[in-house]
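Take a look at the structure below.
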């Protein structure tokens, strides 16, 4: 019996992009996380119908795939903006003003946590810890870390990224 919430018969994504990865790991125990990481890299997030397809191709129950996806915070079930902002809310960051920085980010972007800005450029999420306590308060955007933030410096960074994106779009 299959899970009705994961329909693998009608995928809304081009699964052929993931086929080389699925073939490379076919029959390899412990490869689910690697396959999910590759899928998220290819599609930007993990759509439900793609998860069902992965479960079907790997011969595992959809509930196992969902269990892994919902357990690890690295996986996303919703699309995100071009620039994903991870704002640390760990103890050191909290004590050093991350709540005020979050408010400044929300005001600058005009969105709540987890939402995509209307221009598709940004999504911000709070995270428990980025492991950069000596730089607190800290945020990551993509693979770049920004530390010793203030409300003003966080907003300035966002404005600079938006300006760079606008310049790229003019070309």
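Taking every C-alpha pair closer than 8 Å and separated by at least 6 residues, the mean separation divided by the residue count of the stretch 32-114 gives a relative contact order of 25 percent.
Please give the contour-minus-distance gain from residue 63 to residue 14: 0.36 nm per residue of separation, less the Cα-Cα distance, rounded to one decimal in nm. 15.4 nm is the gain from fully extending residue 63 to residue 14. Between helix 62-71 and the chain, what is the angle of the helix's C-alpha long axis to the longest principal axis, kept within 0 to 90° and rounded to the nearest 10? Result, in degrees: 20.
When you restrict to C-alpha pairs under 8 Å that are six or more residues apart and normalise by the size of the chain, the relative contact order lands at 19 percent.
Highest GNM mean-square fluctuation among 81, 90, 142, for the chain modelled with Cα contacts below 10 Å: 142. Calculated from the structure, semi-axes √(5λ) of the Cα gyration tensor in Å equals which of (i) 35, 19, 14; (ii) 33, 18, 14; (iii) 46, 21, 14? Looking at semi-axes √(5λ) of the Cα gyration tensor in Å for this model, the match is (i). Relative to the longest principal axis of the Cα atoms of the chain, the long axis of helix 151-170 lies at roughly 60 degrees.
Relative to the longest principal axis of the Cα atoms of the chain, the long axis of helix 48-58 makes an angle of roughly 50 degrees. Does the stretch 60-160 come out rounded, prolate or oblate, given a ≥ b ≥ c as the square roots of the eigenvalues of its C-alpha gyration tensor, rounded meaning a/c under 1.5 and, failing that, prolate meaning a/b above b/c? Cα axes put the stretch 60-160 in the oblate bin. Take every pair of alpha-carbon atoms less than 8 Å apart whose residues are at least six positions apart; their mean separation over the length of the stretch 15-71 yields a relative contact order of 32 percent. Dividing the summed helix terms, -39500 (n - 2.57) for each DSSP H run of n ≥ 4, by the number of residues in the chain produces a 222 nm estimate of -13500 deg cm²/dmol to the nearest 500. Highest GNM mean-square fluctuation among 136, 98, 56, for the chain modelled with Cα contacts below 10 Å: 56. Largest GNM mean-square fluctuation among 127, 80, 138, using the chain with Cα springs under 10 Å: 127.
Beta bridges from DSSP with both residues in the chain: antiparallel share about 55 percent, rounded to the nearest 5.
Is the shape of the stretch 15-71 rounded, prolate or oblate, going by the alpha carbon gyration tensor and its root eigenvalues a ≥ b ≥ c, with a/c under 1.5 for rounded and a/b larger than b/c for prolate? Judged from the Cα gyration tensor, the stretch 15-71 comes out rounded (a/c under 1.5).
Read the figures in this text as sums done on the coordinates, not as results from a lab. Computed from a predicted model, the values in this text were never measured in an experiment.
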